[in-house]
Protein chains: 2
Amino acid sequence: MHRLRKPYLLFLGDVQDKLTAKTAFGLKDWCADDVVGEWSLPGCGVTLGLPRLSPQQAAARGAGSIIVGIAPTGGTLPAHWVAELAAAADAGLDVVSGLHTRLTSFPELVQAASRRNVRLIDVRHGERNYGAASGRKRSGKRVLTVGTDCALGKKYTALALAKNLKARGIDASFRATGQTGIMISGEGIAIDAVIADFIAGAAEHLSPDNAADHWDVIEGQGSLYHPAYAGVTLGLLHGSQPDAIVLCHDPSRQTIDEHPDFPIPGLRVAIDDYLRAGRLTNRAMRCVGLSINTSSLSDAECAEYFQRVTAELGLPVCDPVRTGVDVLAAALLAAP
Amino acid sequence: MHRLRKPYLLFLGDVQDKLTAKTAFGLKDWCADDVVGEWSLPGCGVTLGLPRLSPQQAAARGAGSIIVGIAPTGGTLPAHWVAELAAAADAGLDVVSGLHTRLTSFPELVQAASRRNVRLIDVRHGERNYGAASGRKRSGKRVLTVGTDCALGKKYTALALAKNLKARGIDASFRATGQTGIMISGEGIAIDAVIADFIAGAAEHLSPDNAADHWDVIEGQGSLYHPAYAGVTLGLLHGSQPDAIVLCHDPSRQTIDEHPDFPIPGLRVAIDDYLRAGRLTNRAMRCVGLSINTSSLSDAECAEYFQRVTAELGLPVCDPVRTGVDVLAAALLAAP
């Protein structure tokens, strides 16, 4: 399990557009209290609007880590960023990256980290051996976000739901399963990077026994309908043993992203498939509602769509960005 | 992908019972033509009935590898075997193991292998990064063995089916996904040891495009009903894109092995679940028959059971050990 040292200094390199810096924007949105400032190279075209601090200045203000908040094309770390990250290590900061390129592949960084006894943390990689799942029922309550596809709001929905529950005074924890989620939370397991035999075991490890009224809100990954990633999705579902699922969907997609031969099923079918699969490890599992990414719809279209889905499924429907997740939290807390 | 150097010398260490040496017996059964002899330490209580050859003698007869054909409790390599394996490396043999303990963790072995430029191959571990599955339909035909549980005959059934097809003059390949299968075949991928994101990708790699009338007979892993391993099973199913599945079952089991809270479903339900899940990547997938481990049944019980299952499902039923797999091969080769 990754455990990061907060607060953070967010590093933007010299990127030119907000989309490439979306991890940094996500951190600013979801854990602003854990961020002391931003830092970038000359020529960077993006700012988060945060105080500009050098690694030395950030360290002086108590920062624990510098975060590479960038997802450049190909996922590789540009070589000309390395000297700046080595300087951050020399200033006493842990260096955290979610890129494919491992920080430990740069001798200059390894030496700097060794000199100051700080850590180089590749949240995409991490530990891989968790042991096989036991299937044992754990105490406490769990909700998992699942999806008709990848990249349509499972992380956002889980973060919004955990925040909403806490605001109601409910004891709740966001459980991160992907790199950005881990950075936001400060801990978690990159579930798609563990050894195949231990997917469900890692998921069990991520949400251990807890108080009877505590809710773990677990970030989903992949989709049962994705030709490459359904195994990860199923293992996470089984190990999480969720009492409840929230189905995430984007009505503008007819097929799986980048896989035009793979149609996305209807919502009723998807809910039934997830429940049938998930009830292997929690027979009481239910679907408490839908989280819809309505960014492609007008207000009128969205209202019409929500009305239609509610009528068809008899379940609460929301868009975390447009409407918030109050209806999901209420459904979760209602007696089953 | 592991690729081993045949023929083999089978090493038995100093084990006392056949069960612990079951990998060696499996190799003798399934690839006898690729085995030059056996070797063991003083006090060993097991023999395969093969010529007893020292590593030097085996090398002189053209052996390419010494195989640790043992699965001791805990999966660790006893330290007092290491000197003998180092001597085998010094004799010019690759050293191959399916144990958890990595051969490369013994400096004495690493040095010997380096001296003679031979390989230390841990088939349980192997490569882990295969890239994500594309979902693209491949040429050639594929059959995958699937199961209601682990360890009930998926490997044996696949081996028997590949052998039967070849005896009929059909162009067929056994595709190994576990350590013993890899040793028998001489190549394959330990599918449960790859990174979670790449399960289906590894399965695609294992059975590439082939001639239109070629059959890949793919060794299944795990079970959709196993709380720990269903993710591996699903990823292998998706990446294999099988045209046909054979369901393997042991009627003496009511629940998943070592998981008494997890009931094994009925055969009709299991077939439907596998077909529903597998049709994501091959909509024409069908179940061609059942392979039943009837070791717990008398002849009369077996006949009665087969009659009942055939009547219920309308599919051919066999036990590879008791009856052979002719009916499965015939069903596979029948139209469509």
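The values are calculated or read from the model by the stated rules, or taken from the named source; none is laboratory data. Since the model is a prediction, treat every value here as computed from it, not as a measurement. When we count neighbours, we look across all protein chains shown, and the Cβ atoms used for this are built from the backbone with ideal geometry, even at glycine.
Taken over region A:186-206, the residue count meeting the criterion of being surrounded by 24 or more Cβ atoms within 10 Å (Cβ to Cβ) and more than 14 Å from chain B (Cβ to nearest Cβ) is 1. Counting only residues that are part of a loop (DSSP other than H, G, I, E, B) and out of contact with any Gly (no Cβ under 8 Å at 6 or more places or on another chain), region B:195-212 holds 1 of them.
Listed residues B:A277, B:A244; which is within 14 Å of chain A (Cβ to nearest Cβ) and among the small types (G, A, S)?
Values: B:A244 fails: within 14 Å of chain A (Cβ to nearest Cβ).
Being within 14 Å of chain A (Cβ to nearest Cβ) and among the small types (G, A, S) holds for just one of B:A277, B:A244, which is B:A277.
Given (1) within 10 Å of chain A (Cβ to nearest Cβ); (2) under 11 Å from B:D149 (Cα atoms); (3) not in a helix (DSSP H, G or I), where does B:T233 come up short, assuming only one miss? It fails just one condition, (3). Checking each residue in region A:156-179 for being crowded, with 24+ Cβ neighbours inside 10 Å and touching a residue at least 60 places away in the same chain (Cβ under 8 Å) picks out A:T157, A:A158, A:L159, A:A160, A:L161, A:Q179.
Looking only at residues in region B:130-158 that are part of a loop (DSSP other than H, G, I, E, B) and away from chain A (no Cβ under 14 Å), which one is nearest to B:E258 (Cα to Cα)? Result: B:L152.
Take region A:109-129 and flag every residue that is outside any strand (DSSP E or B), surrounded by 22 or more Cβ atoms within 10 Å (Cβ to Cβ) and within 24 Å of the chain's Cα centre (by Cα). Passing the criteria: only A:V123.
Residues in region B:94-113: is at least one within 28 Å of A:H226 (Cβ to Cβ) and either touching a residue at least 24 places away in the same chain (Cβ under 8 Å) or acidic (D, E) (or both)? Break it down stepwise before answering.
If we filter region B:94-113 for residues that are within 28 Å of A:H226 (Cβ to Cβ), which is where we start, we get none.
The answer is no, given that none of the residues of region B:94-113 is within 28 Å of A:H226 (Cβ to Cβ) and either touching a residue at least 24 places away in the same chain (Cβ under 8 Å) or acidic (D, E) (or both).
In region B:9-22, which residues are under 17 Å from the mean Cα position of the chain (by Cα) and either surrounded by 20 or more Cβ atoms within 10 Å (Cβ to Cβ) or free of Cβ contacts under 8 Å to residues at least 40 places away in the same chain (or both)? Step through it out loud before you land on a result.
Filtering region B:9-22 down to residues under 17 Å from the mean Cα position of the chain (by Cα) leaves B:19-22.
Those that are under 17 Å from the mean Cα position of the chain (by Cα) and either surrounded by 20 or more Cβ atoms within 10 Å (Cβ to Cβ) or free of Cβ contacts under 8 Å to residues at least 40 places away in the same chain (or both): B:L19, B:A21.
Just one of the numbered conditions (1) of a type in the set (A, V, I, L, M, F, W, C); (2) outside any loop (DSSP other than H, G, I, E, B); (3) surrounded by fewer than 20 Cβ atoms within 10 Å (Cβ to Cβ) is not true of B:V321: (2). Looking across region A:275-305 at every residue that is over 25 Å from the mean Cα position of the chain (by Cα) and assigned to a helix (DSSP H, G or I), the one that is nearest to B:L234 (Cα to Cα) is identified as A:Y305.
Could you pull out the residue among A:S65, A:S40, A:S105 that is closer than 30 Å to A:S207 by Cα and polar (S, T, N, Q)?
Numbers: A:S40 fails: closer than 30 Å to A:S207 by Cα; A:S105 fails: closer than 30 Å to A:S207 by Cα.
Selected residue: A:S65, the only one of A:S65, A:S40, A:S105 that is closer than 30 Å to A:S207 by Cα and polar (S, T, N, Q).
Listed conditions (1) within 12 Å of another protein chain (Cβ to nearest Cβ); (2) over 24 Å from A:V327 (Cα atoms) are all met by A:Q221, apart from (2).
Given the structure, is B:S173 part of a strand (DSSP E or B) and of a type in the set (S, T, Y)? In short, yes.
The residue that is surrounded by the fewest Cβ atoms within 10 Å (Cβ to Cβ), among those in region B:207-239 that are among the polar types (S, T, N, Q) and under 15 Å from the mean Cα position of the chain (by Cα), is B:S207. The sole residue among B:V309, B:V288, B:V325, B:V269 that is out of contact with any Gly (no Cβ under 8 Å at 6 or more places or on another chain), under 24 Å from B:Y229 (Cβ atoms), of a type in the set (A, V, I, L, M, F, W, C) and in contact (Cβ under 8 Å) with a residue 24 or more places away in the chain is B:V288. Just one residue in the set B:V309, B:V325, B:V269 is at pLDDT 95 or above and either in contact with a His (Cβ under 7 Å, 6 or more places away or on another chain) or closer than 15 Å to B:T157 by Cβ (or both); that residue is B:V325. So, in region B:256-274, of the ones that are assigned to a strand (DSSP E or B) and farther than 21 Å from B:R308 by Cβ, which residue ends up farthest from the other protein chains (Cβ to nearest Cβ)? Selected residue: B:P260.
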